[in-house]
Amino acid sequence: MGNLATPLKIQELQTALQAKAKENPGFRFYALYDKVYREDVLHHAYQCCRANQGAAGVDGVRFDDIEVSGVDQWLGELAQCLKDRTYRTQAVRRIYIPKPNGKMRPLSIPTIRDRVVQTAVVSILEPIFEADLPPEQHAYRSNRNAHSAIRQVHGLLYEGHTEIAVARHSWCRRVRPPHRLRSDASPSAIMPLA
């Protein structure tokens, strides 16, 4: 699969975007669209999508099909569609996968083309939004998830913190019913795990 490290030029762009967002929280980024169809951004987005080995979308196009006809040509055509503003998303393919409890869970599979564009957009927008998020927020962030939140809580417990951590997700309410939460916890000691 190769090295999926973000290329240096993209890292520099992301660092500049995040620095500007942190430096001036009210700043409005008006010229980002052209960053999405940069050759290096689209190529890295394709490599990230390829590494996930996802299935074909409604168009039936697979990664092997793209590689047979030429990745550079395919990415060039995609970049031109974005540049010309003629790019349109396609419908998603809906399948159902079994859950452990016997029920079925719906899964939507976008086309590879849409996945590549989505990944490119995230690589440009993520550093901007990341600048606004508090460090204790773990949801919907790169390299953070429920497990990293639990590790942070364990670390805080180890340091001697005794207040309960409150989360805003519905699944957490199932773990600890609201009536069992301490009502005397001071607001400053509560760590949101959004």
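In cubic angstrom, how much convex hull volume per residue do the alpha carbon atoms of region 1-137 span?
Per-residue hull volume (Cα only) is 158 Å³.
Highest mean first, what order results for 110-120, 151-161 on Cβ atoms within 10 Å?
110-120, 151-161
Quick one: if you stick a label point 7 Å off each Cα along the C-beta vector at residue 94 and residue 40, how many nm between them?
Taking the simple label geometry, residue 94 and residue 40 are separated by 4.1 nm.
Can you tell me which lysines have their Cα less than 24 Å from the Cα of residue 20? Leave out same-chain residues fewer than eight positions away.
Once the sequence-local lysines are set aside, what remains near residue 20 is 9, 35.
Taking the highest mean first, how do the peptides 76-88, 9-21 order by number of other beta carbon atoms within 10 angstrom per residue?
9-21, 76-88
Hey, with R₀ at 35 Å, roughly what FRET efficiency would residue 61 and residue 141 work out to, going by the Cβ-Cβ distance, to 0.05?
0.70
Hey, rough spin-label estimate for residue 81 and residue 109, points 7 angstrom out along Cα→Cβ, what's it come to in nanometres?
Label at residue 81, label at residue 109, 1.8 nm between them.
Please give the contour-minus-distance gain from residue 73 to residue 15: 0.36 nm per residue of separation, less the Cα-Cα distance, rounded to one decimal in nm.
18.0 nm
So which lysines can residue 103 reach, going by Cα to Cα under 21 Å and dropping same-chain residues fewer than 8 places off?
Within the straight-line limit of under 21 Å, residue 103 reaches no lysines at all.
Could you tell me what percent of the accessible area of region 20-88 is made up of carbon and sulfur, with a 1.4 Å probe and every protein chain present?
Ligands and nucleic acids excluded, carbon and sulfur give 48 percent.
The values are calculated or read from the model by the stated rules, or taken from the named source; none is laboratory data. Quick caveat: nothing in here was measured; it's all calculated off a predicted structure. We place every Cβ from the backbone using ideal geometry, glycine too, and count neighbours over all the protein chains shown. We work out accessible area using only protein heavy atoms, side chains counted, and drop any ligands, DNA or RNA first. Shrake-Rupley method; radii C 1.70, N 1.55, O 1.52, S 1.80 Å.
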